[in-house]
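Q: Structure provided below as structure tokens; questions to follow.
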Protein chains: 2
Amino acid sequence: MERVGFVGLGTMGAAMAANLVRAGYPLHVWNRTPGKAGPLVEIGATEAGTLAELVAAVDVVVICVSDTPDVEAVLFGPEGIAAAAREGTLVIDCSTISPRATREFARRLRERGIAMVDAPVSGGSEGAIHATLTIMVGGEPADVERAHAVLAAMGRTITHMGPIGTGQATKAVNQVIICGAYLGVAEGIVLAMRAGLDPDAVVAALNNGAAQSWVLANRSGRMVEDRYPLGFKVALHRKDLAIALDLARESGVSLPVAGLTAQLENGLIAGGHGDEDMSALARAIRELSGM
Amino acid sequence: MERVGFVGLGTMGAAMAANLVRAGYPLHVWNRTPGKAGPLVEIGATEAGTLAELVAAVDVVVICVSDTPDVEAVLFGPEGIAAAAREGTLVIDCSTISPRATREFARRLRERGIAMVDAPVSGGSEGAIHATLTIMVGGEPADVERAHAVLAAMGRTITHMGPIGTGQATKAVNQVIICGAYLGVAEGIVLAMRAGLDPDAVVAALNNGAAQSWVLANRSGRMVEDRYPLGFKVALHRKDLAIALDLARESGVSLPVAGLTAQLENGLIAGGHGDEDMSALARAIRELSGM
């Protein structure tokens with residue numbers, strides 16, 4: 001069993017790391033901001049004093065941080081993985097970052113004999129806790145195969161999408177598709193309420209037909225109540241959408257609904273709602289409608 | 001068993017009428033344009049020479065025509081239902097028309113002792129053929145109860161939404177929600193293809209998570225192939241969306257994605273694609289992206 005290091009102990013990372021401990025991996029953990037490792041140490045993980053110390057102690061490093069610059073710092077900062085890791089180390093990046101930057105990072109690591117796969121996840125904190133995440137993986141077949149057991153301890157649906165960066169591109173596609181899913185349901189719920197319908201009865205009537213979706217089944221209730229507990233933060237979706245819209249621009253694709261969603265989310269964040277669940281897009285439709 | 005008349009033998013109406021014959025109803029049929037009744041007469045229906053003749057022979061009249069003015073003509077035209085029907089006749093309108101006009105039509109019929117429920121359907125020609133339609137019903141409880149056996153012969157999920165017009169309003173909400181569902185998937189598929197991903201693998205990877213929907217599972221393949229067989233016609237969705245956008249305006253609701261969809265569908269219809277399936281919204285995203 002390979003020795004695994006885990007970098008980034010936020011809500012997602014801490015839950016995913018705990019599942020690696022439970023699966024029996026000798027786990028070393030490190031977080032840029034100290035004080036996050038306590039619960040993991042209690043169940044058997046080892047806290048590293050520095051990132052370089054962690055890297056020296058393991059064969060595989062899982063990264064789960066916020067954005068492209070954070071991954072870059074972990075990989076190429078002064079005490080980072082590129083400087084400290086031995087040849088043959090495998091990096092599994094579970095962050096959601098730029099596919100283009102991912103390809104560049106992997107190329108630079110390869111020059112030092114370090115392999116990398118991108119493995120962004122979806123499924124939220126609940127999926128992280130219950131190890132039911134959907135994980136989209138990009139990389140060389142041998143590297144993806146080597147990463148598989150570690151990923152299988154953290155998620156349920158693990159799909160090798162293609163070469164390095166394709167996991168991130170697939171995640172970007174996911175974040176684009178859900179723009180339409182959330183806004184369509186938000187518009188429908190607001191119309192139903194204003195038209196005097198019972199919105200719960202509408203959801204029950206429509207959820208067997210062409211309007212059926214995970215969002216309609218699981219998030220329309222929040223839109224009706226106008227309360228948006230987590231879930232998946234608006235601010236994080238907006239961050240991911242910036243990546244997707246960059247990819248769209250690079251790829252020469254026009255995404256009108258994703259673009260509209262980004263603008264509505266800008267307004268939600270400016271209004272202090274960035275920490276609400278993404279179903280708060282219904283708040284934006286309500287506000288446009290004077291509700 | 002009540003004697004039933006069926007008015008409007010288009011693709012949907014002919015299939016629904018056939019299910020009434022199979023359920024054992026003595027069925028009289030009539031269509032404005034002649035020559036549509038043959039297959040129904042073969043399985044046991046009686047073709048009426050005129051609308052007035054049909055109305056005189058039955059207790060319940062099901063209407064399944066295209067738009068608000070068509071329903072108005074059937075109800076209030078010179079040989080129409082209001083003029084020809086006896087007191088106690090029940091009208092079941094399965095067309096998709098304006099909720100406001102529906103309330104007005106029901107009021108005028110009530111003055112002549114004729115009851116009406118609105119019962120628009122969703123589920124397409126396949127649902128009509130297999131009697132698996134979703135039917136959203138508005139009307140007085142006693143009238144809806146009386147209509148139930150007839151509706152149950154044509155559909156599977158039958159929901160009483162509230163007073164007259166609420167079936168139509170619920171159908172409008174359905175047509176709004178699917179705007180987001182279709183456009184979200186269309187944008188995601190076009191981005192996936194342009195980014196070099198295998199779009200079928202993307203659909204398989206994402207259809208367990210927050211992006212899951214009937215459209216992703218059942219219509220993304222057409223978007224990948226850029227071929228849009230029926231299905232549900234763009235032109236019919238655009239007609240229904242006009243009703244929904246009128247309802248939104250009357251209700252004071254802003255629907256940016258539904259409004260965008262209407263504009264994209266205008267372009268598709270102008271380009272000769274009005275008879276394609278609604279998944280042809282991907283054609284619009286492709287065209288915006290120079291594909």
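The values are calculated or read from the model by the stated rules, or taken from the named source; none is laboratory data. Worth saying up front: this structure is predicted, and the values here are computed from it rather than measured. FYI the Cβ positions are ideal-geometry reconstructions off the backbone, even for glycines, and counts take in every protein chain you see. Calculation scope for accessible area: heavy atoms of the full protein, side chains included, ligands and nucleic acids excluded. Shrake-Rupley method; radii C 1.70, N 1.55, O 1.52, S 1.80 Å.
Q: Among B:Asp200, B:Asp240, which is among the acidic types (Asp, Glu), touching a residue at least 12 places away in the same chain (Cβ under 8 Å) and either in contact with a Cys (Cβ under 9 Å, 6 or more places away or on another chain) or closer than 18 Å to B:Gly124 by Cβ (or both)?
A: After ruling out the rest, the residue left standing is B:Asp240.
Q: Considering (1) of a type in the set (Gly, Ala, Ser); (2) in contact with a Gly (Cβ under 6 Å, 6 or more places away or on another chain); (3) facing chain A (nearest Cβ under 10 Å); (4) more than 18 Å from A:Val203 (Cβ to Cβ), say which one B:Ala235 fails and leave the rest.
A: Here B:Ala235 clears every test but (3).
Q: Between residues in segment B:254-277 that are within 14 Å of chain A (Cβ to nearest Cβ) and buried (at least 18 other Cβ atoms within 10 Å of the Cβ) and residues that are of a type in the set (Val, Ile, Thr) and not in a helix (DSSP H, G or I), which pairs lie under 9 Å by C-beta distance while being six or more apart or on different chains?
A: none
Q: Within segment A:183-190, does at least one residue satisfy the condition of being at positive phi and not basic (Lys, Arg)? Lay out the reasoning, then the answer.
A: In the first step, residues of segment A:183-190 are kept if they are at positive phi; the result is none.
Taking every residue of segment A:183-190 in turn, none turns out to be at positive phi and not basic (Lys, Arg).
Q: Condition (residue is among the acidic types (Asp, Glu), closer than 23 Å to A:Glu265 by Cα and touching a helix residue (DSSP H, G or I) at 6+ places or on another chain (Cβ under 7 Å)) applied to segment A:180-200: is it met by at least one residue?
A: So far as segment A:180-200 goes, yes, one or more of its residues are among the acidic types (Asp, Glu), closer than 23 Å to A:Glu265 by Cα and touching a helix residue (DSSP H, G or I) at 6+ places or on another chain (Cβ under 7 Å).
Q: On the given criteria, is A:Ala210 more than 11 Å from chain B (Cβ to nearest Cβ) and either free of Cβ contacts under 8 Å to residues at least 40 places away in the same chain or under 19 Å from A:Ser289 (Cα atoms) (or both)?
A: Spelling it out, it is not the case that A:Ala210 is more than 11 Å from chain B (Cβ to nearest Cβ) and either free of Cβ contacts under 8 Å to residues at least 40 places away in the same chain or under 19 Å from A:Ser289 (Cα atoms) (or both).
Q: Could you list, in sequence order, the residues of segment B:87-113 that are assigned to a loop (DSSP other than H, G, I, E, B), in contact (Cβ under 8 Å) with a residue 24 or more places away in the chain and open to solvent by 60 Å² or more (accessible area, probe 1.4 Å)? Before the answer, list the steps.
A: Applying the first criterion (assigned to a loop (DSSP other than H, G, I, E, B)) to segment B:87-113 yields B:87-89, B:94-98, B:111-113.
Subset that is in contact (Cβ under 8 Å) with a residue 24 or more places away in the chain: B:87-89, B:94-98, B:112-113.
Result: B:Glu87, B:Arg112.
Q: Pairs under 6 Å by beta carbon, first residue more than 7 Å from chain A (Cβ to nearest Cβ) and within 29 Å of B:Pro256 (Cβ to Cβ) in segment B:155-174, partner surrounded by fewer than 24 Cβ atoms within 10 Å (Cβ to Cβ) and among the small types (Gly, Ala, Ser), six or more apart or different chains?
A: none
Q: Continuing with this model, one more query. Output the residues belonging to segment A:127-136 that are away from chain B (no Cβ under 11 Å) and either assigned to a helix (DSSP H, G or I) or free of Cβ contacts under 8 Å to residues at least 60 places away in the same chain (or both). Give the steps one after another, and end with the answer.
A: Let us first name the residues in segment A:127-136 that are away from chain B (no Cβ under 11 Å), namely A:128-131.
Matches in segment A:127-136: A:Ala128, A:Ile129, A:His130.
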